[in-house]
1. Going by average Cβ density within 10 Å per residue, which order do the peptides 541-548, 221-228 take, highest to lowest?
2. Could you compute the FRET efficiency for residue 481 and residue 109, with r as their C-beta to C-beta distance and R0 at 51 Å, rounded to 0.05?
3. Could you work out the Rg to Rh ratio of the stretch 304-352, with Rh taken as the Kirkwood radius (inverse of the mean 1/r over all Cα pairs)?
4. On a C-alpha basis, how far is the centre of the stretch 137-200 from the centre of the stretch 316-330 in Å? Whole number, if you could?
5. Relative contact order for the chain: what is it in percent, counting Cα pairs under 8 Å that are at least 6 residues apart?
6. Under the 0.36 nm per residue contour assumption, what length would be gained going from the current alpha-carbon distance of residue 538 and residue 629 to full extension?
7. So how do 110, 179 line up by other beta-carbon neighbours within 10 Å, fewest first?
8. Would you kindly state how much longer the chain becomes between residue 33 and residue 154 on full extension, computed as 0.36 nm times their sequence separation minus their alpha carbon distance, in nm to one decimal?
C-alpha cells in the first residue's frame, strides 16, 4: 500500500485516555498584548511568561507541574517503568582514547550522572590508570557537568568548562594531571566555546561574552536576553582572567560566534566565525610572532561554508570544505604564502557522499568517514593526491568518534548503531598492510542485544522523494497494526540523524513495540542539498516528509493512529508541534521536548539569532509570512470536524534551558489548554506540561534526569494510549 492511499479506515478510532473532564487546567491569565508585524496583528497573550524570573511565571510552572503529578497519582506502572528503565541504563559507555604527551586519556561512564576522565600513564595502554576528573563528586544530584575540554599537548594539563544546571554558561578551570588538583585559574562567562591549547602548552584560546550587567555570576541559565558581541581570548596558565589577551572580535557583526582550530605545527590559528550554524567564514592568523594582542585575521574564502583543517606543510594547508563543492565536502590545498582570497587547488572533488569526519595520520594518510545511505563508510586516501589506498570493512552503523594524529601510525574510531552500544577499533599502519582490530568492546548486560534488530528502508514523500527510515524492534516480530509505535525525527541545521545507541529506544522495543526514526529533509544525511530542501522557505518540506512517514507506518500495518506516538527534541520539538497542528488525526500522542514553538519571536532570546540561517528572520516580511504558516504556537485551533480532537500531548522543558528558552513550551501549553477549555469541549485527550528543575537543554543533563524524563514519557503513553507495559517480555 502506498503512502498516497487513504488512511481514513484507521483514522476514526477513539484513543484510550484518562477522562480529562476530571482534570482542571490552571486558570492562566490572557493579556491584551499584540503587535503589528508586517501588516498583521499578532497576539501574544502570554508575553509575561517570557520572563522566567517573574512571580507569575513561577506560579504557572508550579501549577502545571502539580497538574502533571496529579495525573499520575496512584499510577503503579510509572514506578515499575522507572525501576526497569534505571536497571536497563545500568551499563557502561566508552569513548576512544586520546594520546597527549606520554599519556593516554579516555572518558567512560556506567550509570553515573556524568562521564569521568581517566589517564593511562603509557600511550600503549599498559601503564597505571587513574581517574583524574569526576564531576559526580561535585554534587550528588549531578547539577554540575563538564562542557568543553582540551588536554595540553604535553599531557600535563586539562582545561575544562563547568556548566551548572545544564546552562550553556560555563566556567573554565585547569587541572594538573600529575596531582589531580585544579590550578587557581578561573575563566568565567564563556558560552558555546571550544578550547584550543597552543603547541607550547602555555595557554589556550576560548570564546566569551561581555559581563552580565550585574557582573560575573549573575547569568545562570534562567535569563532570556540576547547573547551578543562574542570575543576570542587567549588565557595564559597561572594568570588572572583580567589579564587575558583579546585576540579577535567582529564588532560590525555582533551576532557572530567563533570556534578555533590550530595547525599541527602550532604556527597558525584558524577561526570559524558567523551567525549561521554549520556555515562559517574561515580566517587564519600566524602565531609565529607570539600572542601579544589582536591577531591579524585573513579570510581564506570570500563566502561561508563548512570547513575542517586537516594538515599543513609549512604554509601549504590541506582543508576539507564545502566552498566551491557541488553538495558535499571536497579536498583542497591552499598556500597561505601566496594566498589570494578564494584561490586554492582542488585535490579531490566532491565524491557524492556526505563526509562525517576526516583526519590525517601516518604522515600523509587521509582517513575519511563518509555517510552513504545513512551508514558510515571509512576510506583511506593519499592526502596529496586524493587517491584511494584502502577501504575498511565495518559493520552497519555510525563511526561516531575518532582520534588520530599525523605523527601517529595508528588511529581509533568507535562504531555504534541502534543495537550496538559501541565497539572501539584500532587501525595500525604497517609497512605493507593496514591492520583493523577490536580495541575495546562495551560490556552491555542489561538487555540481550541479540534479540533486537535494526531495519532500514525508504518511503516516498509527497513529492516522490525517497526518505530513509530505521526501525528498531525485536527479531522475528510479526507486523501488527495494534502494536505501539514511537516515531521520531529531527530534520534541521544539516544535522544527520545517524544510527546511535539509544537506551530509551531499546527499552520501548523491549516492553512496548517498534521505534521508527525518519531521516527527513532539513538534516544533512545527503549533503547540503538535503539540508536546503528542508530549511528557510522549504522548512515545511520536512514536516511533509514526517507526515508521509507516519502514513507509511499506518498503511503498511505497523501500527494504528491510537497506538502511534511521536516525539522530537529542540528543532524536533518544533517538528512535532507543527505536524500535530496539521494532522492531529494521525497520532495518538505527541511529546515535543524543549521545542521551538514561537517562530515569530524565537530570535529575540539568548542565542536564537543563530537560527536565522535555518528558519529565516521574522523581521523580514518574506520569512515572517512563511513562519506564521507553521509556527506551532500560532496555528493551534480546534479541529473542524466535530468528532475530531488533538492527540494527547505532553510538553517537556527545563527551567535552565538558555538555548531554547522554556517560554516556548510555557506559551504553547497555555494556548493548547485555552483551546481545549474554551473552544473545543470535545477535546478529551489531555494537554500536560512538565518543567524539569535544575536541568538545561540537552547537553550536561544528568543520567538520573534522563531516566526521570523518559519514565514520564513512557508512563504518559501507558496512561493515555493504553500501552501495556510488559515487565517480562
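Just so it is clear, none of the values below were taken in a lab; they were calculated from the coordinates. Just so you know, these numbers come straight off a predicted model, no measurement behind them. So basically every Cβ, Gly included, is an ideal-geometry build from the backbone, and we count neighbours across all protein chains shown.
1. On the way: 541-548: 24.4, 221-228: 17.8.
Order by mean packing, descending: 541-548, 221-228.
2. Details: r = 39 Å, r/R0 = 0.76.
So the FRET efficiency works out to roughly 0.85.
3. On the way: Rg = 10.3 Å, Rh = 10.9 Å.
When Rh is taken as the Kirkwood radius, the ratio is 0.95.
4. 32
5. On the way: 1738 pairs, mean separation 97.9, N = 729.
So the answer I get is 13 percent.
6. Numbers: separation 91, 0.36 × 91 = 32.76 nm, distance 1.21 nm.
Extra length available between residue 538 and residue 629 comes to 31.6 nm.
7. Values: 110 14, 179 8.
Final ranking by Cβ density, sparse to dense: 179, 110.
8. Values: separation 121, 0.36 × 121 = 43.56 nm, distance 5.87 nm.
Value of the extension gain: 37.7 nm.
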